[in-house]
Each structure stands twice: as C-alpha cells, then as structure tokens.
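*Asks:* Dropping a structure here in structure tokens format, bear with me for questions.
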Amino acid sequence: MTTENLTADTKTIIQQALAELLSSGSTEGLEALLGKDFVHHRPDRTSTRSEWLASIRAALVPLADQQVDVLHLLAEGDHVVMHTRRRLPDGGPEVVVVDILRFADGLVVEAWETIEPVAEAAAHLAWWQLVG
C-alpha cells in the first residue's frame with residue numbers, strides 16, 4: 001500500500017468510526033479500530049485501551065445530543081489529525097478538540113487529545129503571563 005492510499009484509508013476509517021459513534025452511540029466500530037496495546041495521551045494523564053473505552057462509554061450518555069463539526073481532517077503517513085468543534089444542546093458549553101491518531105498495521109495504536117473550552121480561549125492566548 002502506498003503512503004497516499006494509507007492516508008486516504010486512515011482518514012476514511014476515522015470518519016466512519018466517528019459517524020457511527022455519534023449516530024448510534026455504540027463504541028463497537030471504534031473498538032475494532034484500536035490495537036490491543038492502544039495508549040491514549042492527554043495533558044493530564046495517559047490511559048490504556050480499556051480505560052479510554054470506558055471513559056468514552058461514560059461520556060456518551062450525557063453527550064448523546066452534542067453537535068460535532070469536523071473542521072479539519074488531515075492524514076500523512078501513519079498519522080491522522082482531526083480538529084473538531086463540539087457543542088452541547090440548548091446552548092451548553094462549546095469546546096474545540098484536536099485528536100492525533102497513530103496507525104500501525106491498520107489499527108490505531110496511539111492517540112493524543114487536547115480539549116479547550118471556547119469560552120476560555122482568549123485567556124489561553126497569554127498562558128505564559130499566568131506564571132509568577
């Protein structure tokens with residue numbers, strides 16, 4: 001498989017898994033994409049495959065009606081980057097999320113995630129001024 005095919009395939013895989021997750025509330029499609037040694041990284045912690053899936057399942061109920069807009073979906077080599085804006089219904093909080101996914105042998109083996117509440121974005125533009 002060429003690098004071009006790999007990037008097109010990985011983007012399609014991620015789009016389909018996200019669509020299934022949001023439309024059905026099921027993590028089955030997502031689970032099938034994860035390698036057995038999958039690791040999820042966030043700024044505050046790292047979790048295993050089972051811990052991460054449990055957190056996704058727990059979040060699905062309160063977030064079932066959220067709106068997710070994919071702003072950017074990029075793939076290069078064995079990585080996919082997804083930039084989304086997520087809104088809770090009825091004017092609830094809005095966040096921007098960046099996910100970076102690394103594939104190996106057709107499965108996601110590692111992911112990084114950063115979440116920023118839109119309401120706090122301006123304050124984060126000068127994060128270095130908060131020190132001292």
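The values are calculated or read from the model by the stated rules, or taken from the named source; none is laboratory data. Source: prediction; values computed, not measured. Quick reminder, even Gly has a Cβ in these numbers, built from the backbone with ideal geometry, and neighbours come from all protein chains shown.
*Asks:* Name every residue in segment 16-75 that is among the polar types (S, T, N, Q) and in a strand (DSSP E or B), in order of residue number.
*Replies:* THR46, SER47, THR48, GLN67
*Asks:* Please work out if ASP78 is in contact (Cβ under 8 Å) with a residue 40 or more places away in the chain, charged (D, E, K, R) and buried (at least 16 other Cβ atoms within 10 Å of the Cβ).
*Replies:* In short, yes.
*Asks:* For segment 68-100, which positions are out of contact with any Ser or Thr (no Cβ under 9 Å at 6 or more places or on another chain) and acidic (Asp, Glu)?
*Replies:* ASP90, GLU94
*Asks:* Could you tell me which of the residues LEU101, LEU30, LEU74 is modelled with pLDDT under 90, closer than 22 Å to ILE13 by Cα and either in contact with a helix residue (DSSP H, G or I) (Cβ under 9 Å, 6 or more places away or on another chain) or of a type in the set (Ser, Thr, Tyr) (or both)?
*Replies:* Being modelled with pLDDT under 90, closer than 22 Å to ILE13 by Cα and either in contact with a helix residue (DSSP H, G or I) (Cβ under 9 Å, 6 or more places away or on another chain) or of a type in the set (Ser, Thr, Tyr) (or both) holds for just one of LEU101, LEU30, LEU74, which is LEU30.
*Asks:* Also, I was wondering about something else. Scan segment 105-130 residue by residue and report those that are under 27 Å from ARG49 (Cβ atoms) and exposed (fewer than 12 other Cβ atoms within 10 Å of the Cβ).
*Replies:* The answer is ASP105, and nothing else.
*Asks:* Let me ask something else about it. Can you name the number of the only condition in (1) acidic (Asp, Glu); (2) touching a Lys or Arg at 6+ places or on another chain (Cβ under 9 Å); (3) closer than 16 Å to VAL108 by Cα that ASP69 fails?
*Replies:* Status for ASP69: all satisfied but (3).
*Asks:* Across segment 104-132, which residue is nearest to HIS72 (Cα to Cα) among those that are part of a loop (DSSP other than H, G, I, E, B) and at pLDDT below 85?
*Replies:* LEU125
*Asks:* State whether one or more residues within segment 87-99 are surrounded by fewer than 11 Cβ atoms within 10 Å (Cβ to Cβ), out of contact with any strand residue (DSSP E or B) (no Cβ under 6 Å at 6 or more places or on another chain) and either assigned to a strand (DSSP E or B) or touching a residue at least 60 places away in the same chain (Cβ under 8 Å) (or both).
*Replies:* No.
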